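Contents: one structure, followed by commentary.
The values are calculated or read from the model by the stated rules, or taken from the named source; none is laboratory data. Everything quoted here is computed from the prediction, not taken from an experiment. All Cβ positions, glycine included, derive from the backbone under ideal geometry; neighbour counts span all protein chains shown. Remember, those area values only see protein heavy atoms, side chains included, never the ligands or the DNA or RNA. Shrake-Rupley method; radii C 1.70, N 1.55, O 1.52, S 1.80 Å.
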Amino acid sequence: MNNYHFKCACEQTAFNVLGQPQFRMLCHCTICQKFNAAPRADILVYKMSQVTMPADGVVSFSTFKRPPNVQRGKCVQCGQAAIEVFNMPLMPKLVLVPVGMVDRSAEIPEPKAHMFYDKRLADAQDDIPKHQGFIPSQWAFFKYLWFPKRS
Ligand SMILES: [Zn+2]
Ligand SMILES: [Zn+2]
């Protein structure tokens, strides 16, 4: 399995990831918009066991209102959205990484879906499935995680 090295623009926040993400998604929710300072987030989803977390102190974590149990971390030095830790009951601990952290040489999959598409700031010109609203988006997230082959 390949080991990938991810880093932010200023290179202070860096971490290693082993193997491929569980899936990739485009999230249009307002929290992702704000956190990423972008119309939508382009995110890779990993299991925590695949990720060697960045050093203490280089990332500043904050918790947003919804969804719960997500710690969203930005590089202390350059402010780039760097890493998110997703901790939910009955789920493996997950790490979400904005695609902007990924080395361009890394092979990453195409996005599986649009999430919270009802919150979009612009229509997407693609054939990727679009999930609207909280429950359908959450459900799709679980489905892609638990049944990656079927979805
Ligand atoms: Zn989101
Ligand atoms: Zn940085």
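Output the number of the condition that Asn36 fails; it satisfies all remaining conditions of (1) touching a Lys or Arg at 6+ places or on another chain (Cβ under 8 Å); (2) within 16 Å of ligand 2 (Cβ to nearest atom).
Going through the list (1) touching a Lys or Arg at 6+ places or on another chain (Cβ under 8 Å); (2) within 16 Å of ligand 2 (Cβ to nearest atom), Asn36 breaks only (1).
For Ala37, work out the one condition from (1) touching a residue at least 12 places away in the same chain (Cβ under 8 Å); (2) closer than 21 Å to Arg104 by Cα; (3) open to solvent by less than 50 Å² (accessible area, probe 1.4 Å) it doesn't fulfil.
(3)
Which of the residues belonging to segment 101-118 are assigned to a helix (DSSP H, G or I) and within 19 Å of Asn2 (Cα to Cα)? Quick ask: steps written out before the conclusion?
So the first thing to find is which residues in segment 101-118 are assigned to a helix (DSSP H, G or I), and the list is 101, 117-118.
Result: Met101, single match.
Of the numbered conditions (1) touching a residue at least 60 places away in the same chain (Cβ under 8 Å); (2) in a strand (DSSP E or B); (3) farther than 18 Å from Ile128 by Cβ; (4) more than 16 Å from ligand 2 (Cβ to nearest atom), Gln71 satisfies every one except a single condition; which is it?
(1)
So that you can scan it fast, the table gives a plain yes or no per residue for (1) more than 26 Å from Lys143 (Cα to Cα); (2) assigned to a strand (DSSP E or B); (3) open to solvent by 30 Å² or more (accessible area, probe 1.4 Å):
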| site | (1), (2), (3) |
| --- | --- |
| Met1 | no, no, yes |
| His5 | yes, yes, yes |
| Gln12 | yes, no, yes |
| Val17 | no, yes, no |
| Glu84 | no, yes, no |
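When the residues of segment 125-136 are narrowed to those that are in contact with a Phe, Trp or Tyr (Cβ under 8 Å, 6 or more places away or on another chain) and assigned to a loop (DSSP other than H, G, I, E, B), which ends up least open to solvent (accessible area, probe 1.4 Å)?
The selected residue is Gly133.
Between Lys65, Lys47, Lys74, which is within 16 Å of ligand 1 (Cβ to nearest atom), at pLDDT 95 or above and of a type outside the set (A, V, I, L, M)? If you could, list the steps in order and put the result at the bottom.
On the way: Lys65 fails: at pLDDT 95 or above; Lys47 fails: within 16 Å of ligand 1 (Cβ to nearest atom).
Of the residues listed, the single one that is within 16 Å of ligand 1 (Cβ to nearest atom), at pLDDT 95 or above and of a type outside the set (A, V, I, L, M) is Lys74.
Which of the residues belonging to segment 1-22 are more than 16 Å from ligand 2 (Cβ to nearest atom), of a type in the set (A, V, I, L, M, F, W, C) and under 13 Å from Val95 (Cβ atoms)?
Val17, Leu18
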